[in-house]
1. Search the structure for amide H atoms under 5 Å from the amide H of residue 132, placed 1.01 Å from N in the peptide plane, and list their residues when 5 or more places away or on another chain.
2. With springs connecting C-alpha atoms under 10 Å apart, model the chain as a Gaussian network and identify which of 174, 115, 32 has the largest mean-square fluctuation.
3. Could you give the C-alpha radius of gyration of the chain expressed as a fraction of 2.2 N^0.38 Å, taking N as the number of residues it contains?
4. Amide H neighbours of residue 161 under 5 Å, at least 5 residues apart or on other chains, H built in the peptide plane: list them.
5. Kindly give the semi-axes, whole Å and largest first, of the ellipsoid equivalent to segment 15-80, taking each as the square root of 5 times a Cα gyration tensor eigenvalue.
6. Just to confirm a number: summing +1 for Lys and Arg and -1 for Asp and Glu over residues other than residue 66 whose beta-carbon lies under 12 angstrom from that of residue 66, what do you get?
7. For segment 162-212, just list the percent of Cα-Cα distances falling in each 10 Å bin from zero outward, please.
8. Rounded to the nearest whole Å³, what is the per residue volume of the convex hull around the Cα atoms of segment 1-51?
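Rule-based calculations on the coordinates, nothing more; no lab input. Quick caveat: nothing in here was measured; it's all calculated off a predicted structure. Cβ sites come from the backbone with ideal geometry, for glycine too, and all protein chains shown count toward neighbours.
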Amino acid sequence: MKLICDFDGTLLDVTAKYCAIYAEFMREHSAQALPAAEYWRLKRAGLSESDILAATGCPKELGPRLRDYVRDHIERPEALARDRLFAGAKAAIEALGVAHDLILFSLRRDGEAFQRQVDQLGLRPFFVKVMSAGKRDEAGTRETPKSAILRKEGLTSRDWIIGDSEGDVVTARQLGIHICAVSSGVRDANVLADRHPDLLLGGVAQVPGELAKKLGATV
């Protein structure tokens, strides 16, 4: 069985870098930023950038600028330096890799920086393949970027994705595989529950035990 494991928000705690980039954007626009915890709560609740900005009285028209600013800064070295592995993440993927083929897949645009970070974190030995989407043209397709790439991996209805966003749920449905959603990243449990994943857990550390129960076998 293959397990497709997402990176940001699933294995990595990305809270600090998102909050720092948001605060930097607000400073550049001479605007009052929300407290980091409140910004992250709204982000995880699925609010758009425009609605988050409106919460502090900023023009909603700045929303697309904030979205683009995050996209353009989220993979810079100073942002990646804020990433931290979740507690228990490495032990979880080590346990999962005993019985399953693990593929690490990220939507990162800078593939080289992604591969370097995987090595720096000591994660590569646990995966049979490490993949990123790279720069891509998403116009004219109804598939998610993950679906378009993972469709080439020969996945079957027995396989699973482990991810932290509603996009991961959509990807799993498009590919006809199962989805284990974790509420440790960019979306909270309420947002993910609305998408009806096959499993919904608090974080990746819970996955080996709960997936074993779901499969009726020992991971």
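1. Sorted by chain and number, the residues that satisfy this are 106.
2. Maximum among the listed residues: 32.
3. This ratio for the chain stands at 1.02.
4. 4, 178, 179, 180
5. Semi-axes, largest first: 17, 13, 11 Å.
6. Summing Lys/Arg as +1 and Asp/Glu as -1 gives -2.
7. 30, 58, 12
8. Dividing the Cα hull volume of segment 1-51 by its residue count gives 94 Å³.
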